[in-house]
Amino acid sequence: MNTHRISTTISQKHWELLKKHAEKFETQQKALELALESLENGSRQIPELTLEEKYWMRLKPAKSLVIIEKTAFKSLIETADIELLSELFVRNKIIEYTIEFYFQKSLEECSLNEVIDGLVINLKITNWVDTVDYTDYGSYYKLAITHDLGLTFAELLTIWIDNMFKIHGVRVESIHSTKTIFTKIFKNK
């Protein structure tokens, strides 16, 4: 094996670490070689951020989200002026805003897949729903949502989602119950 001699200085902190690991791995050479191999292997294995993590990273500077405990949120929804709250979401385009902010383009410029993906990620990171997913059925997508926030929440979220897709120029058909929302999102405008 070809070997090379190195000579360098290190800080006191790193000297202590080297001594500690040299005891564990028997020599300073083995400790340094393992550390270098770990750096090499680790640099290839840094995972890419998920879509949700990218969404969080993009939204954090906007300071537009507020964390609230889920049962408190449910209580607020159940006692809220539903017409006023619905009007606020529709007028301020709250869901649309987060999608536009993430993709850095208007909702109209987003593809239908981007809008759906943005909605799904938005619902996941807010923790408003227990599950959210969609399936491609050829001429339409079917969005399926489950939650435990009650009928009022289901009614509001259905209005907000339907309105967002209408703004995007897409026809939707939704049905909801106390714990579920199913929305057909038609591909042809």
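The values are calculated or read from the model by the stated rules, or taken from the named source; none is laboratory data. The structure displayed is predicted, hence computed values, not measured ones. Every residue, glycine as well, gets a Cβ built from its backbone with ideal geometry; the counts of neighbours run over all protein chains shown. Ligands, DNA and RNA are excluded from the accessible area calculation, which covers all protein heavy atoms including side chains. Shrake-Rupley method; radii C 1.70, N 1.55, O 1.52, S 1.80 Å.
All but one of (1) open to solvent by 60 Å² or more (accessible area, probe 1.4 Å); (2) assigned to a helix (DSSP H, G or I); (3) closer than 23 Å to Leu51 by Cα hold for Lys142, so report the exception by its number.
It is condition (2) that Lys142 fails.
Can you confirm whether Asn113 is at pLDDT below 90 and surrounded by 11 or more Cβ atoms within 10 Å (Cβ to Cβ)?
So Asn113 does not fit the description; no.
With respect to the numbered conditions (1) at pLDDT below 85; (2) at positive phi, which one is the sole condition not fulfilled by Gln104?
Single failed check for Gln104: (1).
What residue, among those in region 164-177 that are open to solvent by 40 Å² or more (accessible area, probe 1.4 Å) and not in a strand (DSSP E or B), is nearest to Phe73 (Cα to Cα)? Show your work before the answer.
Taking region 164-177 as the starting set, the residues that turn out to be open to solvent by 40 Å² or more (accessible area, probe 1.4 Å) are 166-167, 171, 173, 175-177.
Then keep just the ones that are not in a strand (DSSP E or B); that gives 166-167, 171, 177.
Numbers: Lys166: 27, Ile167: 27, Arg171: 30, Ser177: 19 Å.
Within region 164-177, the match that is nearest to Phe73 (Cα to Cα) is Ser177.
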